[in-house]
Every structure is written in C-alpha cells, then in structure tokens.
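See structure below.
The values are calculated or read from the model by the stated rules, or taken from the named source; none is laboratory data. Values in this document were obtained by computation on a predicted structure and should not be read as measured data. Every residue, glycine as well, gets a Cβ built from its backbone with ideal geometry; the counts of neighbours run over all protein chains shown. These accessible areas exclude ligands, DNA and RNA; they are computed on the full protein's heavy atoms, side chains included. Shrake-Rupley method; radii C 1.70, N 1.55, O 1.52, S 1.80 Å.
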Amino acid sequence: ENALSHAHADTLSFEIAVNARTRLIDPGVCEYKCGEWRDYFRSTASHNTIVVDRKNQSEVWNSFRVAHRAHAQIIDWGRSGNREVIAGQHSGYLGIRDPVLHQRAICNKMDGQWEITDILRCQGRTQHYYELFFHLTPCEITCHYDPDQYQAIFDDGVILTFVTEHPNGTIARILNGWISYGWKQVLEAPVISL
C-alpha cells in the first residue's frame, strides 16, 4: 500500500542509457511536499510516455495519494533473430469518455537502433488529444525536417537521433523540462514533444 502511494503516473515509460549514462531519463522526485514540483514530477507528462486528453494515467493527488491507478500488462516479450521485443498495454485511459487503450512495443534491433511503436485504440466517438514526450538529460537538440528528425548531442560526444513517423497534423516541439538528480535539486533539461 505504501509503495502505491508513492507511485508516479508513468506506466509504459522507459529509459535509455548509452556508455553507462542515462540519456532518455525518468526525471526523478525532487521533493515530497505537496505543490507544483511534486505534481510535476509525478505527472504522466514528465515521463517518456503518452498523455491522452491532457490527463494523468493514474489519478495522483495530495502528496501520497493515488486513485484509479493504471494497471499494466505485458502482451509480448521475446527474441527473434537480431531483435528483442517487449510490448505492453495499460488501463489508465479506459475510464475516460470514449476509452483509450495505450499499447507500446519497444524493439531493440541489436545494431544500436531502437524502435518504439505506440498504438492508441478507441471507438472514435470522441476526438482525443495525444502527446508523446521524450525527456532527455541536458544536451543540445537540433531539428531537421522531412523526415522529422531530432538529434540530441551530449557533452561526451554521444549523439542520439530520433526519427519520427507520426500522423499528419502532428506538431513537434522542443520544450523546457525538469529533472532532479537529488533532493530539492532541479535542473532544466530538454523534452521532445509530439
């Protein structure tokens, strides 16, 4: 019960490390005191996953309360040739009008490439707003278009390239986000938002 009260709305979020340093990151905790920072660090939008209709997947309130928690389920996991795949889904948006089931597959192609596929299933009775976030440790971001491509250039020379395929009408932005490496420490860091 206590672990659940500390929970974040981060179902199907993930991290990526290169050369023993996390590059695509979970932003951390910062503090437990009720308020803006606690709300930010627990929110779905502060994790590497999708937000539907600007709502958290799980209902987080007060400093240590979680209600209507998103439940995750693994739907595929295995290796085939030079590919490793894990896929899951969660129930966090099944309680909204025109319920949405979020499914995510993460594929390691074993050649330095990762493929993340998100599928959002609904009846289509309501128009939904979807936003996908990638939170990075401090780095320089460059953007190229046609196809949409972003490069995160880190201080040790590592470069992560994001090539996105998304529906027409998608708006891509680079936002200012926040990460916390320690108690009450907040550091600005870039976020790719689609």
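Say whether the condition of being assigned to a strand (DSSP E or B) and at pLDDT 90 or above is met by at least one residue in the stretch 142-150.
Checked against the condition, which is being assigned to a strand (DSSP E or B) and at pLDDT 90 or above, the stretch 142-150 yields no hits at all.
Give the residues of the stretch 4-31 that are closer than 19 Å to Thr44 by Cβ, open to solvent by less than 60 Å² (accessible area, probe 1.4 Å) and at pLDDT 90 or above, sorted by residue number.
Across the stretch 4-31, the qualifying residues are Thr11, Leu12, Ser13, Phe14, Ile16, Leu24, Ile25, Asp26, Pro27.
Within the set of pairs 6 or more residues apart or between chains, which connect a residue that is part of a helix (DSSP H, G or I) inside the stretch 33-48 to a residue that is of a type in the set (D, E, K, R) and open to solvent by 30 Å² or more (accessible area, probe 1.4 Å) with Cβ atoms less than 9 Å apart?
From residues that are part of a helix (DSSP H, G or I), the pairs are Trp37/Lys184; Arg42/Asp10; Thr44/Asp10; Thr44/Lys55; Ala45/Arg54; Ser46/Asp10; Ser46/Asp26.
Of all residues in the stretch 111-126 being touching a residue at least 12 places away in the same chain (Cβ under 8 Å) and among the polar types (S, T, N, Q), which is farthest from His71 (Cα to Cα)?
Thr126
For the stretch 118-161, name all the residues that are among the β-branched types (Val, Ile, Thr) and either open to solvent by 60 Å² or more (accessible area, probe 1.4 Å) or in contact with a helix residue (DSSP H, G or I) (Cβ under 8 Å, 6 or more places away or on another chain) (or both).
Listed by number, the residues that qualify are Ile119, Ile159, Thr161.
Only residues that are loosely packed, with under 13 Cβ neighbours inside 10 Å and of a type in the set (S, T, N, Q): list them for the stretch 162-180, please.
Asn168, Asn176
Out of everything in the stretch 73-110 that is among the small types (Gly, Ala, Ser), assigned to a loop (DSSP other than H, G, I, E, B) and in contact (Cβ under 8 Å) with a residue 24 or more places away in the chain, what residue ends up being least open to solvent (accessible area, probe 1.4 Å)?
Result: Gly92.
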